[in-house]
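What follows is calculated from the coordinates using simple rules that are stated; it is not laboratory data. Keep in mind that what you see is a predicted model, and the values were worked out from it rather than measured. Reconstructed Cβ throughout: ideal geometry from the backbone, glycine too, with neighbour counts over all protein chains shown.
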Amino acid sequence: MAIIKKLKAVKIDQNHLLGIQELSFPQITEILKQAKTFITLNKSSSKKMDILRGKTQINLFFEPSTRTQSSFELAGKRLGADVMSMNIVNSAIKKGETLIDTAMTLNAMHPDIIVMRHQDSGAPNLLSQKVNCSVINAGDGRREHPTQALLDALTIINRKGKVEGLKVAICGDILHSRVARSNIYLMNMLGAEINVVAPKTLLPHSIEKLGVKSFTDMKKGLDNCDIVMMLRLQNERMQGSFLPSAREYYEFYGLTPDKLKLANKDALIMHPGPMNRGVEIDTNLADDINRSVIREQVELGVAIRMACLKIFCKKS
Amino acid sequence: MKEKYLVNARIIDPKNDLDEIGGLIIDSNGLIKAVGKKVANGNLPSSVEKIDLKKQILIPGLVDMRVFVGEPGFEYKENFRTLSNAAVSGGVTSVVSMPNTYPVIDNVSMVDFLKRRGRDKSKINIFPAASLTKNVDGKQMTEFGLLKRKGIIAFTDGIKTVQDPEVMSRIMNFASQSNSLIMQHAEDNILSRNGLINEGEISTRLGLKGIPFLAEKIIVERDLSFLEEYFCRYHISQISSEKTLAVIQKAKKDGKNFTTGVSINNLSLNENDIGDFKTFLKLSPPLRTENDRKALVEGVNSGLIDVIVSDHKPQDEESKRLTFAQAATGASGIETLLPLTLELFHNKSIKLKKLISAITFNPSKILGLNKGSLDIGNDADLCVFDINKPWVVDKSKLKSKSKNTPIENRKLQGQVLKTFIKGEIAYG
């Protein structure tokens with residue numbers, strides 16, 4: 001406990017984690033610092049703390065999720081909170097209730113934290129204006145997925161010691177990806193150089209204005225990179241024809257040993273999951289313990305979410 | 001009624017190129033009897049009642065070509081009475097109402113209903129537009145001839161665009177024979193499908209699906225191509241992008257005959273105003289970049305754009321208190337049309353006469369109405385305003401039934417003092 005107290009140098013006043021865009025550099029380093037302390041805790045035999053004892057955390061998921069939801073659930077439980085997970089996919093909303101009404105109903109039960117995933121960009125922003133508790137964004141539409149970016153940064157720091165000065169390639173369906181956007185904001189703030197690699201139809205308009213270089217040729221985009229971050233093809237968000245076929249996509253944008261050779265020798269492979277093996281990534285590469293840190297991302301995800309729950313939980 | 005003598009006003013009437021201190025006489029039938037500097041205190045009988053306008057500006061009542069009223073079907077958003085109250089407080093005396101009601105205004109009995117309701121419940125002149133196609137579904141054209149006979153002066157699918165090129169070409173062909181006015185909301189449905197705001201850096205940052213400028217441009221280009229073959233009266237309801245304006249400029253240079261409108265929202269706001277997902281700024285066409293806004297302002301200035309409309313689209317609060325993707329589209333605006341238009345005068349973007357023309361005489365001329373000017377013998381539909389009076393928009397004070405103003409707390413300069421309809425004081 002002593003070490004955590006010592007690290008409380010930066011005071012984070014805001015109660016909501018809506019996106020990386022809303023965070024400052026000191027706030028980010030504070031989250032990463034605190035998360036580090038939880039990495040060790042999570043590996044120990046006694047994982048339970050009482051930092052959030054007596055607090056109630058509601059996981060409000062309007063979109064199906066396995067890893068993020070279980071990660072938040074575990075994080076809350078390890079900090080001693082009472083955690084309730086709600087999948088709204090087939091609940092009140094189907095009966096015509098609006099997001100605000102659902103939120104007000106839950107708010108009446110006095111939760112301390114609501115962790116929300118929603119298919120509409122900006123939904124957590126709306127929620128945060130209407131409830132008294134903390135709101136943590138677990139992914140909204142194509143906008144942001146801040147805890148994913150934070151855990152990616154923590155994974156990189158864990159392996160490379162820093163983010164500053166590294167060259168990061170983010171490859172794949174940038175257009176539909178909240179992970180890409182959050183990572184672009186975060187890696188930029190932490191001083192990395194960012195390449196985005198995608199076919200033109202999967203690059204958002206004016207993406208360069210977010211501070212990245214964009215490439216349609218994966219070989220050029222991977223050149224000299226330290227981190228290769230692969231994204232999932234989000235077929236469920238795609239309307240109309242973005243690509244000729246999965247086969248053509250894999251040929252030009254799938255991560256294969258050949259293409260990986262263009263990156264630095266010790267480049268790490270990352271993927272936010274879930275993976276489409278053989279669509280965006282070669283199945284052997286995904287499992288290569290020397291290069292792939294995909295499992296580690298999941299592991300550190302719990303630590304990051306513990307730090308975020310602790311920091312943003314409304315102090316009363 | 002008794003004759004009224006309005007004196008000591010600055011009279012601006014773009015049609016008659018009038019801008020002078022003078023007066024206006026309203027005869028006992030509510031018509032304009034005399035206007036101009038010769039109507040002065042000294043020339044008038046001392047016994048009559050005079051209204052001293054104290055050098056404030058007197059213009060023809062505003063003619064707003066694009067207004068949504070909730071009757072029938074959406075009375076909880078706006079009815080004729082609330083629309084009328086909102087309109088007169090903004091100096092608007094005539095409106096063209098859009099047919100996107102429930103049911104749609106696509107047949108003569110609906111027109112009868114609207115005319116009756118409009119007459120009984122509102123003070124302003126309501127000119128209902130009928131839809132171009134049955135149930136605004138873009139397939140079967142409405143009975144232009146019969147509807148015209150009922151007094152319909154314009155046809156439009158309102159918030160919808162006729163997508164099928166064959167249907168649109170036939171509509172324009174048919175309209176050319178009956179001399180009907182076609183007003184198109186230019187948007188390709190497929191290009192704009194699920195789109196929420198302008199496609200660009202902001203849509204990328206907010207993670208909202210963009211509406212490309214091409215969705216508008218491509219329809220304008222298509223329709224202007226048809227216009228080469230079918231000479232109908234064609235009006236583009238409102239445009240939003242610089243690229244569309246360039247198409248219009250070229251077509252005018254080629255001698256094509258058509259007119260263009262713009263929403264005051266697209267002249268006064270840009271996509272940055274959406275900020276943190278402000279659903280009140282979810283509009284169609286969407287707010288675009290500052291460059292687009294400036295180009296549109298220049299378009300009004302150069303005369304490429306003829307008309308400024310409020311695009312008054314009342315939406316109840318519930319339909320806006322949703323995520324951006326789910327929230328209703330449109331903004332209330334009839335009450336702030338004049339002061340927002342005056343903003344473009346105060347910031348020296350556009351000359352006053354040109355602006356007033358774009359909200360009075362130009363729309364009236366396109367519609368073929370005897371409105372929007374101070375011609376002798378016209379109905380005395382008038383607006384008197386203080387061009388300098390500062391005020392702040394407060395949605396709770398709006399007269400419209402819905403309070404979805406996109407300019408809450410905006411500081412405006414210029415306020416309506418009096419509105420006359422057919423010679424009677426309707427406001428002030």
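What the table shows:
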item: Segment B:288-351 - charge dipole about Cα centre, Lys and Arg +1 at Cβ, Asp and Glu -1, debye rounded to 20; result: 200 debye
item: Cα Rg, Dmax (largest Cα-Cα span) when computed across the protein assembly as shown, Å; result: 30.4, 103
item: Chain B: DSSP helices with Cα axial extent of at least 15 Å and average Kyte-Doolittle hydropathy no lower than -0.5; result: B:165-178, B:214-229
item: Value of D in µm² per second that Stokes-Einstein yields for chain A, Kirkwood Rh from Cα pairs, at 25 °C (0.890 mPa s); result: 123 µm²/s
item: Restraint check, B:Lys115/B:Lys282; B:Lys77/B:Lys282; B:Lys15/B:Lys250; B:Lys395/B:Lys418, Cα-Cα greater than 19 Å; result: B:Lys115/B:Lys282; B:Lys15/B:Lys250; B:Lys395/B:Lys418
item: Cα shape, segment B:69-132, gyration tensor, a/c 1.5 rule; result: prolate
item: Separation between Cα centres of segment A:278-293 and segment B:135-188, rounded to whole Å; result: 58 Å
item: Listed peptides B:350-362, A:156-168 by packing density, highest first (mean Cβ within 10 Å); result: B:350-362, A:156-168
item: Globularity index of segment A:164-316, i.e. its alpha-carbon radius of gyration over 2.2 N^0.38 Å; result: 1.05
item: Exercise: per-residue mean of other protein chain Cβ atoms within 10 Å, B:319-328; result: 5
item: The protein assembly as shown, dipole about Cα centre (Lys/Arg Cβ +1, Asp/Glu Cβ -1), debye to the nearest 20; result: 1600 debye
item: Share, in percent, of DSSP beta bridges within segment A:16-157 that are antiparallel, nearest 5; result: 5 percent
item: Peptides A:211-224, B:172-185 ordered by average Cβ neighbours within 10 Å, highest first; result: B:172-185, A:211-224
item: Restraint check, A:Lys310/B:Lys278; B:Lys252/B:Lys411; B:Lys37/B:Lys354; B:Lys209/B:Lys348; A:Lys33/A:Lys314, Cα-Cα greater than 26 Å; result: A:Lys310/B:Lys278; B:Lys252/B:Lys411; B:Lys209/B:Lys348
item: From the C-alpha gyration tensor of segment B:147-192, square roots of 5λ in Å; result: 22, 13, 6
item: Positive-pole candidate from B:Val96, B:Tyr5, B:Asn107, dipole of segment B:1-158, charges at beta carbon; result: B:Tyr5
item: The protein assembly as shown: antiparallel DSSP beta bridges as a percent of all, rounded to 5; result: 30 percent
item: Antiparallel DSSP beta bridges within chain B, as percent of all bridges there, nearest 5; result: 50 percent
item: Charge dipole (the protein assembly as shown, unit charges on Cβ, about Cα centre) - positive-most of B:Pro165, A:Leu233, B:Ala186; result: A:Leu233
item: Cα-derived Rg over Rh, computed across segment B:1-54 with Rh taken as Kirkwood radius; result: 0.96
item: Convex hull (Cα only) mean projected area of segment B:121-226, reported in nm² to one decimal; result: 8.7 nm²
item: Against the rule of thumb 2.2 N^0.38 Å, how large the Cα Rg of chain B comes out; result: 0.95
item: Phi-based couplings in Hz for segment B:270-275 (Karplus 6.51, -1.76, 1.60; Gly and Pro marked x); result: 9, 4, 5, 5, 5, x
item: Unit charges at the beta carbon, dipole of chain B: most positive-side option, B:Thr289, B:Ala358, B:Asn85; result: B:Asn85
item: Partner lysines for A:Lys265 [C-alpha distance under 17 Å; skip if fewer than 8 residues away on the same chain]; result: A:Lys160, A:Lys167, A:Lys219, A:Lys220
